[in-house]
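*Asks:* Encoded as structure tokens, here's the structure I'll be asking about.
The values are calculated or read from the model by the stated rules, or taken from the named source; none is laboratory data. On a predicted model such as this, the values are computed, not experimentally measured, just so you know. No Cβ is skipped: glycine too gets one built from the backbone with ideal geometry, and neighbour counts run over all protein chains shown. In case anyone asks, the SASA skips ligands and DNA or RNA and just uses the protein heavy atoms, side chains included. Shrake-Rupley method; radii C 1.70, N 1.55, O 1.52, S 1.80 Å.
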Amino acid sequence: LVQMGPTWSKILHAISNHHKLHLLPVSSLYVAVLLLTPMLLVFLCFHIYLTANSMTTIEYREKKNSSDPYVQRRFQVAHLKFDKGYLANLRDSLGPFHLLLIPVFNGENGTYSG
């Protein structure tokens, strides 16, 4: 019998024995990206939530989740005072949306609320 080409077992054997360690950095980076991406997305979503609701992390952790009625009432009063709605809160923090990725300073007091 004349064999026309390598069989699958010979191909797999050649691939598995050829430079086993050269894929280690690539596979390690792939695993790191797969683990870090969901964590960073959760972190980003949490901070967008905080910015849209005009809260700091301290207000979120200590005041909003407190069981003390006095602390909850102070949080509600402060939240009503500074909360302008989701889009206006984001605009106050990040600036105008059309200039979001362009570093522009308008020369005033450093805020975009007028």
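*Asks:* Order 54-62, 39-47 from most to least packed using the mean count of other Cβ atoms within 10 Å.
*Replies:* Answer by packing, highest mean first, reads 54-62, 39-47.
*Asks:* Follow-up. Determine ³J(HN,Hα), in whole Hz, for all residues of the range 42-52 in sequence, where each value follows from phi through the Karplus function 6.51 cos²θ - 1.76 cosθ + 1.60 and θ = phi - 60°; x replaces Gly and Pro.
*Replies:* Once rounded to whole Hz, the list reads 5, 4, 5, 4, 4, 6, 5, 4, 4, 5, 5.
*Asks:* Of K84, K63, which has the most accessible area and how do the rest follow, probe 1.4 Å? Numbers along the way, then the final one.
*Replies:* On the way: K84 115, K63 80 Å².
From most accessible down to least: K84, K63.
*Asks:* At 37 °C and 0.692 mPa s, what whole-number value in µm²/s does Stokes-Einstein give for the translational diffusion of the range 25-94, with Rh from the Kirkwood sum over Cα pairs?
*Replies:* Details: Rh = 14.2 Å.
Reported coefficient: 232 µm²/s.
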